[in-house]
Amino acid sequence: MIRYEGSIWRPPSEARSLILQATIGCSHNACTYCVSYKDRQYRVRGADGIAADLAMLDKQAKERVRRVFLADGNALAMDTPEILGTLSVLEHELPNLERVGIYGYAKDVRNKSTDDLRDIGSAGLGIVYLGLETGNDELLRWSRKGITSKENIEACKKIRAAGIPLSLTIILGLGGIEHSETHASKTAEALNAIDPEFVGALTLMIPPGTPLFEMTKRGEFCPMSPEESLEELRLLIEQLELSECVFRTNHASNYLPLAGTLNRDQRKLLDLLESVLGSKDQTPLRPEYLRGL
């Protein structure tokens with residue numbers, strides 16, 4: 001049985017994956033809205049750590065593994081040789097492995113060349129999940145994301161140029177009602193510039209233990225209502241110009257699950273949102289007590 005350090009977080013699409021902690025914690029770990037890795041110090045486990053984990057599995061268990069997700073918060077922060085070594089261990093130990101996923105952060109890509117990323121992709125990395133969050137620089141500063149929208153876009157374009165599929169997350173409600181329109185428009189602008197294969201929308205949650213929780217208690221931040229959040233989502237979708245992007249709002253934090261391919265299904269998604277927004281029936285919306293990170 002593999003032992004984990006702290007709570008484990010993974011994308012919804014990695015629900016059936018074997019999760020292995022290539023790193024512990026998050027190398028940035030400063031975002032105002034995030035509580036995920038506050039209980040641990042960032043460090044690299046890398047190839048040796050993964051090999052030790054896999055040594056706990058018997059032959060049959062290893063043969064059943066089709067997908068692996070490398071945690072924690074941004075394991076792409078490992079240097080290129082360490083990532084290549086980790087992927088080599090996975091290839092050697094898991095004979096039926098089909099895909100490896102990883103969380104990334106724009107700064108993780110800064111010191112990696114496109115050739116580095118191509119090598120990483122060739123070695124078996126099948127998808128990078130990256131938190132774009134917003135295209136609004138003011139909100140990126142306010143949320144202590146540690147990067148600019150330009151840096152986000154450049155990092156994402158580098159990953160795409162290397163041929164590695166990219167899945168981006170955005171956070172609805174990140175700027176509250178005051179910044180909702182600019183959050184939607186600037187985020188659409190960034191997504192259009194990147195044109196990723198996958199986009200997933202989360203809706204802001206404010207867990208205790210975060211700076212944002214304290215700001216909300218002091219009245220310095222006013223969360224959006226479910227209807228305001230859906231209106232922001234509508235504004236975002238109507239401004240998107242994407243080639244063939246799988247778009248989902250299936251994360252547990254969202255009030256309304258949507259699924260489609262953009263821009264092919266743009267009108268269908270907008271019609272559904274407008275129907276819900278125009279109705280007083282709250283039945284389609286996920287209640288607060290069922291929302292989760």
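Taken together, the values in this text are just the output of simple stated rules run on the coordinates, not laboratory data. Being a predicted model, the structure only gives us computed values, none of them experimental. We place every Cβ from the backbone using ideal geometry, glycine too, and count neighbours over all the protein chains shown.
Brief remarks follow.
- Phi to ³J(HN,Hα) by Karplus 6.51 cos²θ - 1.76 cosθ + 1.60 over segment 7-15, Hz, x for Gly, Pro: 6, 10, 10, 8, x, x, 6, 9, 4
- Extension gain, Asp39 to Arg291: 0.36 nm times the residue separation minus the Cα-Cα distance gives 88.5 nm.
- Along segment 161-177 the Karplus relation, 6.51 cos²θ - 1.76 cosθ + 1.60 evaluated at θ = phi - 60°, assigns HN-Hα couplings of 5, 7, x, 8, x, 10, 10, 9, 10, 10, 10, 5, x, 4, x, x, 5 Hz to successive residues, with x for each Gly and Pro.
- Distance from the C-alpha centroid of segment 1-70 to that of segment 109-134: 18 Å, rounded to the whole angstrom.
- Placing +1 on the Cβ of every Lys and Arg and -1 on the Cβ of every Asp and Glu, with no other charges, gives segment 234-293 a dipole of roughly 160 debye about its Cα centre.
- When the listed pairs Lys217/Lys268; Lys62/Lys157; Lys107/Lys186; Lys59/Lys157 are checked against a 30 Å cut-off, the alpha-carbon distance exceeds it for Lys217/Lys268; Lys62/Lys157; Lys59/Lys157.
- Candidates per GluC sites (Glu not before Pro) in segment 172-220, loop by DSSP, up to 11 other Cβ within 10 Å: Glu220
- The helix-only estimate of mean residue ellipticity at 222 nm for the chain, built from DSSP H runs of length n ≥ 4 each weighted as -39500 (n - 2.57), is -11000 deg cm²/dmol after division by the residue total.
- Cysteines in the chain that, by Cβ-Cβ distance, have no pairing candidate under 4.7 Å: Cys26, Cys156, Cys222, Cys245
- Distant-in-sequence amide H partners of Leu242 (H built 1.01 Å from N, under 5 Å): Asn263
- Mean separation of Cα contacts under 8 Å (6+ apart) over length of the chain, as relative contact order %: 14 percent
- Near Arg144, the amide H atoms lying under 5 Å from its own belong to Thr32; only residues 5 or more places off or on other chains count, and H is placed 1.01 Å from N.
- Relative to the 2.2 N^0.38 Å rule of thumb, segment 112-185 has a C-alpha radius of gyration ratio of 1.26.
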